[in-house]
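The values are calculated or read from the model by the stated rules, or taken from the named source; none is laboratory data. A quick note: this is a predicted structure, and the numbers were derived from the prediction, not measured. Cβ placement follows ideal geometry from the backbone for every residue including glycine, while neighbour counts extend to all protein chains displayed.
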Amino acid sequence: MTVITKGVDMILRLVITIAFAILVVCVIWQVVSRYVLESPSTVTDEMARFLFIWVALLGGAYTLGQRRHLAIDLLPVIATGTLRTAINLAIVAAIALFAGLIMVYGGIDLVGRTLETGQVSPALRLPMGLVYIAIPFSGLCMLFYCLTFLTDILRSGRGPNDQGEAASVGGPLD
C-alpha cells in the first residue's frame, strides 16, 4: 500500500505544482494585460479561476494524505489504548462519510447535471462539468487516503492526526 500511496502522492504533487505554476502565469499576465496593455484578458481571468478551484480541492486532498490538514486533535491526544483507536476510527469514518457522500456522490451528480444542461464557460467555452470534476476526483483521493489511515490505525495504531511513524502509546496526561 505504501508504494501506491507514494505514487498517488507524487501524481497529486505534480498536478498541483503544474496547475499552480500555470495559475501564477495567468495572474501575472492578467495584471500585465490590464494595467500595462490596458486590455484585460478574459481568457486568463477565467482560466485562473478554474485552476484555483482545482488547486484548492486537490491541495486539500493532498494535505489530508500528508497528515497536515487542520485538525482539532484534543481527544485523540489525551486518550490512550482502545479509546484512542476508537476515536481515530470515528475521525476517519467522518472524513470518509463527507468525502464519499458530499464530494463523490454529490460531485458526480453536479457534474452529470451540468453536462446534461450543456453549460459552458463564457471565455474558454469549456463544458462546466469538466471544471466541476475536481470535486468528485478530490473526494476519491480523500477516500483513498482514508483507506490508508484505516490500515495504519489497525496495523500500528497511528491515527490521521499522528505525524510520526507510529502513534504514541500514551497521551500527555500519562
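In segment 93-130, of all residues being touching a strand residue (DSSP E or B) at 6+ places or on another chain (Cβ under 9 Å) and in a helix (DSSP H, G or I), the one that is nearest to Cys26 (Cα to Cα) corresponds to Met128. Scan segment 13-49 for residues that are free of Cβ contacts under 8 Å to residues at least 12 places away in the same chain and not in a helix (DSSP H, G or I) and the total you get is 4.
Yes or no, residue by residue, for (1) more than 16 Å from Leu124 (Cβ to Cβ); (2) within 22 Å of the chain's Cα centre (by Cα):
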residue	(1), (2)
Asp9	yes, yes
Val15	yes, yes
Ser39	yes, no
Ala48	no, yes
Ala56	yes, yes
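Here Val77 fulfils each of the conditions (1) surrounded by fewer than 15 Cβ atoms within 10 Å (Cβ to Cβ); (2) over 27 Å from Lys6 (Cβ atoms) apart from (1). Restricting attention to segment 42-67, and to residues there that are within 24 Å of Gly129 (Cβ to Cβ) and among the small types (Gly, Ala, Ser), which single residue is surrounded by the most Cβ atoms within 10 Å (Cβ to Cβ)? For segment 42-67, the residue satisfying everything is Ala61.
Candidates are the residues of segment 71-126 that are touching a residue at least 40 places away in the same chain (Cβ under 8 Å) and among the hydroxyl-bearing types (Ser, Thr, Tyr); the one that is nearest to Asp152 (Cα to Cα) is Thr85. Taking the numbered list (1) surrounded by 16 or more Cβ atoms within 10 Å (Cβ to Cβ); (2) at pLDDT 95 or above in turn, Gln30 passes all entries but (2).
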